[in-house]
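The next block holds one structure in the form of structure tokens; read it before the comments.
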Amino acid sequence: ANPRDHAPLLLRTLCDRGAALQPDNLIVTKTSAGYATLTFAEHQAAAKRVASALARWGVQVGDRVGSLMWNSAAHLQCYHAVSCMGAVLHTLSLRLGPKDLGFTIAHARERVIISDADQLAPLAKVDPEVLGRVELFVCCGADWAAGAYALPPEIPAARATSWEAFVASGAPDFAWPDVPETALHALCYTSGTTGAPKGAGYSQRSTYLHTLAATGADQLGISGAHVLLPFVPMFHVLSWGVPFIALMLGSRMVFTGRSMDPESVLDAMLAWQVQFSTGVPTVWQGLRGAIGARGFGAVARDLRLKFLTCGGSAPPPEMMRWYLDHLGVEFIQGWGMTETNPLGAIGRRIAKHKDLSKPDEELFGNITKAGLPLPGVEVRIADSDDLGRDAPAGAPGELLVRGPWVIGEYFEYAAEEKFHRGWLVTGDVAKVDEEGAIIITDRSKDVIKSGGEWISSIDL
């Protein structure tokens, strides 16, 4: 056998590719002072400095590094650096309260936390015993250095440094180490709606394969020529994997930082000619309102937007039709969860040859479904009373999935009920239609079984 057939799937080969192919392309972040730009070549050097600084501090392969940050160029450097040095990036959720935030920090046994300056105050509310076990706090943002955000007394100055000083202490020629492709590179926790948050660990191999699959023409279809604005938070299931796609392709990235309102998003889209963005349906309803308030004619003339990706819930057909008819913008629906790293299925208006002859109503219906499984993802609709048996064809049942980037266990947490003979039990009630598309009908905890049939809470 050719030994190259077994070359390990390591993220360094993807993450370094964008800077090699498009070194002058820009990574843009909105700040209080306007837009800050960084080239991919500068990003590459900064990411290596971050990794070098972490290694000098003693962070080793497998150690967890927390990021409590908005979407930004600095956060992208953390994605690149921590993943490629063989450590594990735990993207801490800005939405968690002190109790759950403290639980995830303690459970992951964070050695270092890199925090945006405005997140220091929420972080300081975490149990002091938990914070006491964190060895270093890196405080990101010139605002902190200038004193706009005081270091809370709960975070000792002796264990804190600024992002700028930390990055400067590293070497730009840091060599990525060899690690097993099965080594974890990222850790994301579930929201904790059903008990304590549970950690889903993503391996080098898992995210490598997810990145390749999600980029496909019938999936997200992202190109190195696109300008991307990921509105989905980078702390939420790795922003649906888009940052790794951008690092692989060298696609121009636009981050809005703390400015998450529709007007700021529209400003950034116009200023940087954004073509592709990700968010939930309410975000795109808000953007539509901002476009109307700004004056539709002027916006339509300058907007270069081509694709909006939705997740969380199905986009309303009326909204999708408005964007397509008025702006030529196509919607893409993604289904997934923390445990699927995160994309499991994609719904597009046109994804099959037979779609070319379908009426519009049916085409918009394609996007309201969870969609077709990504290449490599297998789907089963199981009988709710016996997960070992399939539900009758076309009937709803428990949605089970498996694939190369679907987790097989939680990080240091036993939850046997979530896994069945190698399949992830999603908790969704679903069916598969004659096209092979997944249609989510409910969450299993929100349904009642009567006379052997599912009755959806939606229908009650």
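Numbers for the structure displayed
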{"item": "Check on L96, out of contact with any Asp or Glu (no Cβ under 9 Å at 6 or more places or on another chain), crowded, with 24+ Cβ neighbours inside 10 Å and not in a strand (DSSP E or B)", "result": "no"}
{"item": "Conditions (1) part of a helix (DSSP H, G or I); (2) under 24 Å from P23 (Cα atoms); (3) in contact with a Leu (Cβ under 6 Å, 6 or more places away or on another chain); number of the one not met by A290", "result": "(2)"}
{"item": "Criterion (assigned by TED's automatic domain parsing to the domain that holds Y202, in a strand (DSSP E or B), at pLDDT 95 or above and not hydroxyl-bearing (S, T, Y)) met by exactly one of H75, H90, H80", "result": "H90"}
{"item": "Criterion: touching a strand residue (DSSP E or B) at 6+ places or on another chain (Cβ under 6 Å), under 30 Å from R443 (Cα atoms) and at pLDDT 95 or above - qualifying residue of S277, S251", "result": "S277"}
{"item": "Qualifying positions in the range 73-84 - buried (at least 24 other Cβ atoms within 10 Å of the Cβ) and touching a strand residue (DSSP E or B) at 6+ places or on another chain (Cβ under 7 Å)", "result": "A74, H75, L76, C78, Y79, V82, S83"}
{"item": "Every residue from the range 349-379 that is crowded, with 20+ Cβ neighbours inside 10 Å and assigned to a strand (DSSP E or B)", "result": "G371, L372, P373, V379"}
{"item": "Matching residues, the range 36-51, being in contact (Cβ under 8 Å) with a residue 40 or more places away in the chain and under 17 Å from C140 (Cβ atoms)", "result": "A46, R49, V50, A51"}
{"item": "Exclusive hit being more than 28 Å from D302 (Cα to Cα) and surrounded by fewer than 22 Cβ atoms within 10 Å (Cβ to Cβ), set L238, L187, L209", "result": "L209"}
{"item": "Residue check, E412 closer than 24 Å to G195 by Cβ, surrounded by fewer than 20 Cβ atoms within 10 Å (Cβ to Cβ) and out of contact with any His (no Cβ under 9 Å at 6 or more places or on another chain)", "result": "no"}
{"item": "Qualifying residue in the range 23-32 (condition: in a helix (DSSP H, G or I) and closer than 20 Å to D173 by Cβ)", "result": "no"}
{"item": "The range 236-259 residues that are of a type in the set (D, E, K, R), paired with ones that are in a helix (DSSP H, G or I) (beta carbon under 7 Å, 6 or more apart)", "result": "R258/D118"}
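The values are calculated or read from the model by the stated rules, or taken from the named source; none is laboratory data. Given the structure is predicted, the values throughout are model-derived calculations rather than measurements. FYI the Cβ positions are ideal-geometry reconstructions off the backbone, even for glycines, and counts take in every protein chain you see.
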